[in-house]
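Asker: What follows is a structure written as structure tokens; I'll ask about it next.
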Amino acid sequence: MSNGERPLDILNESRNKRIMAELKNGRQFIGTLKSFDIHINLVMEDAEEHAEGELKRKIGKVFLRGDTIILISPQ
Amino acid sequence: MSNGERPLDILNESRNKRIMAELKNGRQFIGTLKSFDIHINLVMEDAEEHAEGELKRKIGKVFLRGDTIILISPQ
Amino acid sequence: MSNGERPLDILNESRNKRIMAELKNGRQFIGTLKSFDIHINLVMEDAEEHAEGELKRKIGKVFLRGDTIILISPQ
Amino acid sequence: MSNGERPLDILNESRNKRIMAELKNGRQFIGTLKSFDIHINLVMEDAEEHAEGELKRKIGKVFLRGDTIILISPQ
Amino acid sequence: MSNGERPLDILNESRNKRIMAELKNGRQFIGTLKSFDIHINLVMEDAEEHAEGELKRKIGKVFLRGDTIILISPQ
Amino acid sequence: MSNGERPLDILNESRNKRIMAELKNGRQFIGTLKSFDIHINLVMEDAEEHAEGELKRKIGKVFLRGDTIILISPQ
Amino acid sequence: MSNGERPLDILNESRNKRIMAELKNGRQFIGTLKSFDIHINLVMEDAEEHAEGELKRKIGKVFLRGDTIILISPQ
């Protein structure tokens, strides 16, 4: 853990940008990252739920609890 | 985690407003958020359980344990 | 978390009153709340287990471990 | 959490008395409570495993790990 | 928690004696308890895995991770 | 824990190298390790999801939450 | 916990020796233990995955996350 890079940096760089968060139950949420904390709790705006590459529903603003998240990827 | 915004802010802004909380087992509760804590434990008033977009039952006041919650969305 | 209301207040107000606690495995217990702690461990008296709205069995005094509880609702 | 009653009191009152402990996997153990701790780890003596109201096997002395327990009821 | 007896005492008394440990997935291990810690991590020697009362395999020395254990019983 | 070697050393040595991370749900991700922390949260670049030895999709940059990871292997 | 023996001693004695680690999902890994920590995170070298007594694949160096491990046995 020498060179100062930490996993949460990717979230910090993604503020106000589109990210995809995938949950333990397989669901995918794409939205604009507004905030996060060390538990990986996230708040997204203009969020959409996607399933198998297709838009399932629009949610608007959403809080995702960190312990349900498997992966996060900048879009 | 620079600009002062934190995920729990969305809950603070939602006090006394309608929110939807979805649980790990897929159940959805819509109600007026009265209080929350850092574990995401919630208390709602005038709460209703919904399933697939339809009202399933009225519950009134309810305490939801934070570790069962996947997502929270202002309505 | 400004205005002093916390989720556990609903439990404090429910002491010696009837509550319903629902567990992760779907079981429902209705009883008189005698005590609780920050882990949401509960003790009820005159407790009954209900399933789909019907009385399943009378239990008397019961300790419910907090981490198995999904929701609690005053009756 | 005002009046000094705590959930673990029910366990303290049950020392050397018969209790029933039910596990997350549905199994029931009835025995004489000898000791417990804040994790709800229990030791019973003269313990029996019951299934659907019938004696399944006699175990004697047994340690039950707290995080597998759903409920405890004095007999 | 008054009289000084604690659940881990049963493990301390069982050092160098035969115990049975049952895991969350239903598997049973019988062996000579050599050491344990507060997480209920165990080391057994001359351990055997049993299934439905019959010897399944001999393992020799084995470390069992505490959070997979449901119950422990002196043999 | 005497000789100074620790499990996280393998991650430190793997910075900027290709690793494979396998999740609890069986999914495999191969990518260039950019950062990690003590929770085993990882960030990979040029990441690919593989299933049964075949490329399933390219993801680019990805954050994997540590508690979903079973194993990590340098490629 | 009197006589100074602790469960992790078995891991310390197994450094640079062959061990078998079995995961919660039933998978078995055999390899040379290089390092471990108090979370039971392990690093093995010359690791192989086995299923039902047969070699399934060779992995080389592998990090196993402690919370997925059920048991560890020196070979």
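Asker: Within the range D:59-73, is there a residue that is surrounded by fewer than 14 Cβ atoms within 10 Å (Cβ to Cβ), assigned to a strand (DSSP E or B) and either facing another protein chain (nearest Cβ under 7 Å) or of a type in the set (Lys, Arg) (or both)?
Answerer: Yes; the residues of the range D:59-73 include at least one that is surrounded by fewer than 14 Cβ atoms within 10 Å (Cβ to Cβ), assigned to a strand (DSSP E or B) and either facing another protein chain (nearest Cβ under 7 Å) or of a type in the set (Lys, Arg) (or both).
Asker: Right, next: Here is a check on your reading of the model: is D:GLY31 in contact (Cβ under 8 Å) with a residue 12 or more places away in the chain and either among the aromatic types (Phe, Trp, Tyr) or at the interface with chain E (Cβ under 10 Å from one of its Cβ atoms) (or both)?
Answerer: Considered against the rule, which asks whether it is in contact (Cβ under 8 Å) with a residue 12 or more places away in the chain and either among the aromatic types (Phe, Trp, Tyr) or at the interface with chain E (Cβ under 10 Å from one of its Cβ atoms) (or both), D:GLY31 comes out as no.
Asker: Which pairs turn up if I take residues in the range B:58-75 that are modelled with pLDDT of 95 or more and look for partners that are assigned to a helix (DSSP H, G or I) with beta carbon separation below 6 Å, at least 6 apart in sequence or on another chain?
Answerer: Pairs that qualify, where the first residue is modelled with pLDDT of 95 or more and the partner is assigned to a helix (DSSP H, G or I), are B:PHE63/C:ILE10; B:ILE70/A:THR68.
Asker: How many of the residues in the range E:28-48 are open to solvent by less than 40 Å² (accessible area, probe 1.4 Å) and part of a loop (DSSP other than H, G, I, E, B)?
Answerer: Matching residues across the range E:28-48 total 3.
Asker: When you scan the range F:4-19, do you find a residue that is part of a strand (DSSP E or B) and either more than 10 Å from every other protein chain (Cβ to nearest Cβ) or open to solvent by less than 60 Å² (accessible area, probe 1.4 Å) (or both), even just one?
Answerer: Yes, because at least one residue in the range F:4-19 is part of a strand (DSSP E or B) and either more than 10 Å from every other protein chain (Cβ to nearest Cβ) or open to solvent by less than 60 Å² (accessible area, probe 1.4 Å) (or both).
Asker: Against the definition (of a type in the set (Lys, Arg) and farther than 30 Å from B:ASN12 by Cβ), how does C:ARG6 come out, yes or no?
Answerer: Considered against the rule, which asks whether it is of a type in the set (Lys, Arg) and farther than 30 Å from B:ASN12 by Cβ, C:ARG6 comes out as no.
Asker: Is it true that G:GLU45 is acidic (Asp, Glu), farther than 22 Å from E:HIS39 by Cβ and over 10 Å from the mean Cα position of the chain (by Cα)?
Answerer: yes
Asker: Please indicate, with yes or no, whether at least one residue in the range B:8-28 is β-branched (Val, Ile, Thr), within 9 Å of the chain's Cα centre (by Cα) and closer than 21 Å to A:GLY60 by Cα.
Answerer: Taking the range B:8-28 as the starting set, the residues that turn out to be β-branched (Val, Ile, Thr) are B:10, B:19.
In the following step, the residues that additionally are within 9 Å of the chain's Cα centre (by Cα) were identified as B:19.
Checking the rest, the ones that are also closer than 21 Å to A:GLY60 by Cα come to B:19.
There is at least one residue in the range B:8-28 that is β-branched (Val, Ile, Thr), within 9 Å of the chain's Cα centre (by Cα) and closer than 21 Å to A:GLY60 by Cα.
The values are calculated or read from the model by the stated rules, or taken from the named source; none is laboratory data. Please read these numbers as outputs of a predicted model, since none were measured by experiment. Note that each Cβ is placed from the backbone with ideal geometry, even for glycine, and that neighbours are counted across all protein chains shown. The accessibility values were calculated without ligands, DNA or RNA, using every heavy atom of the protein model including side chains. Shrake-Rupley method; radii C 1.70, N 1.55, O 1.52, S 1.80 Å.
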